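Notes follow the structure.
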Protein chains: 2
Amino acid sequence: MTRMHYTRDNMAGLLRSHDINPTHQRIEIAHALFSRQEHLSADQVMAIVNTRHSETSKATVYNTLKLFLEKGLVREVIVDPSKVFFDPNTSPHHHLYEVDSGKLSDIDAEHVQISGLPPLPAGMVTEGIDLIIRVRKA
Amino acid sequence: MTRMHYTRDNMAGLLRSHDINPTHQRIEIAHALFSRQEHLSADQVMAIVNTRHSETSKATVYNTLKLFLEKGLVREVIVDPSKVFFDPNTSPHHHLYEVDSGKLSDIDAEHVQISGLPPLPAGMVTEGIDLIIRVRKA
DNA sequence: TCTGGATATTAGACAAAGTCCAGATTGGCG
DNA sequence: CGCCAATCTGGACTTTGTCTAATATCCAGA
Ligand SMILES: [Mn+2]
Ligand SMILES: [Mn+2]
Ligand SMILES: [Zn+2]
Ligand SMILES: [Zn+2]
């Protein structure tokens, strides 16, 4: 896996490669996610993007994250009943969730194997398999 | 597994066995969940319990579901970012979620095996493993 | 360079899920 | 009956997310 450095300049190409018109706001939001490689909520993205001076509205943050999702640029992680996390890592992987702190980290899917699942209902296709390990301090 | 019939009368004993003082409202809420053996949101519980005549407040529904959760009488299922489902089935099992319809069903854990998980971070203990298969119409 | 239309952004109203609190009800017990 | 603790309640409040109508930006063609 190449460890690349995500600059704002890189973001335009990344967005274009996902069929997304790179605007200033979209570049900032992508940069927030990809430069950190962390799971962020919409609120966190909003805060990061507007650190220096307010420049992106709430509506745009939500619109943009939804667009990224549709275009497959990011993935949604549903572990906390109160907010959705957006994940710049779209390769198949699982999650470890520390319920006390709210910390969410990746588990590489490569060595994890899930077997014995029953056949899917007829006419259904898998959209994704979410495996979440919920942990807390012993 | 004994297939038992969950009557309102049974509920009092079930609640007591989980160290919950059986009040009228608690019995109604438990009955809603256990007689159906379905995954219900707080809103759905509220609607069911208040079908005949309004008798249980929103605050009590939420308080009671949280109490049931703490006492291990029900389990929480987080699959839909907009609402939590409460699950009267506390035996280890997984879930199949139909994203279009919102239908949520159980997958018996007995034959499912998950292997190759990395060791937990030091000082952490597993609180639960959630496996969710998200499916949609082909 | 100017102009029109498509695309994108915005403020702020709105909705839904869930929390919180202070006051009322209940129910068991002396 | 009257007391006390536990429980329940309406309704205000918070948070996350959606929607809309108005504005801003971008760019292709004249
Ligand atoms: Mn900027
Ligand atoms: Mn009743
Ligand atoms: Zn992840
Ligand atoms: Zn279940």
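Numbers at a glance
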item	result
Residue tally, condition more than 12 Å from ligand 2 (Cβ to nearest atom) and in contact with a helix residue (DSSP H, G or I) (Cβ under 6 Å, 6 or more places away or on another chain), over segment B:27-39	1
Lone unmet requirement of (1) more than 14 Å from chain B (Cβ to nearest Cβ); (2) in contact with a strand residue (DSSP E or B) (Cβ under 6 Å, 6 or more places away or on another chain); (3) touching a residue at least 40 places away in the same chain (Cβ under 8 Å) for A:Lys71	(2)
Any chance A:Lys58 is within 21 Å of B:Met124 (Cβ to Cβ) and surrounded by fewer than 13 Cβ atoms within 10 Å (Cβ to Cβ)	no
Which listed residue is within 15 Å of ligand 3 (Cβ to nearest atom) and more than 15 Å from the chain's Cα centre (by Cα), from A:Glu98, A:Glu76	A:Glu98
Residue identified as touching an Asp or Glu at 6+ places or on another chain (Cβ under 7 Å) and either exposed (fewer than 12 other Cβ atoms within 10 Å of the Cβ) or farther than 26 Å from A:Glu28 by Cβ (or both) among A:Ile114, A:Ile132	A:Ile132
Single match in B:Val125, B:Val112 (criterion: closer than 15 Å to A:Arg134 by Cβ and either at pLDDT below 95 or of a type in the set (A, V, I, L, M) (or both))	B:Val125
Residues that are hydrophobic (A, V, I, L, M, F, W, C), more than 7 Å from every other protein chain (Cβ to nearest Cβ) and in a loop (DSSP other than H, G, I, E, B), drawn from segment A:97-138	A:Ala109, A:Ala122
Cβ pairs under 6 Å, 6+ apart, first in segment A:81-94 and closer than 19 Å to B:Asp80 by Cβ, second near ligand 3 (Cβ under 9 Å from one of its atoms) and part of a loop (DSSP other than H, G, I, E, B)	A:Phe85/A:His39; A:Asp87/A:His39
Selection status of B:Ser82, among the hydroxyl-bearing types (Ser, Thr, Tyr), more than 14 Å from ligand 2 (Cβ to nearest atom), closer than 27 Å to A:Asp130 by Cβ and under 11 Å from the mean Cα position of the chain (by Cα)	no
Among the candidates A:Ala47, A:Ala30, A:Ala109, residue that is among the aliphatic types (A, V, I, L, M) and more than 16 Å from DNA strand C (Cβ to nearest atom)	A:Ala109
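The values are calculated or read from the model by the stated rules, or taken from the named source; none is laboratory data. Note that the structure is predicted; figures quoted are calculated from it, not measured. Positions of Cβ are backbone-derived with ideal geometry, glycine not excepted, and every protein chain shown enters the neighbour counts.
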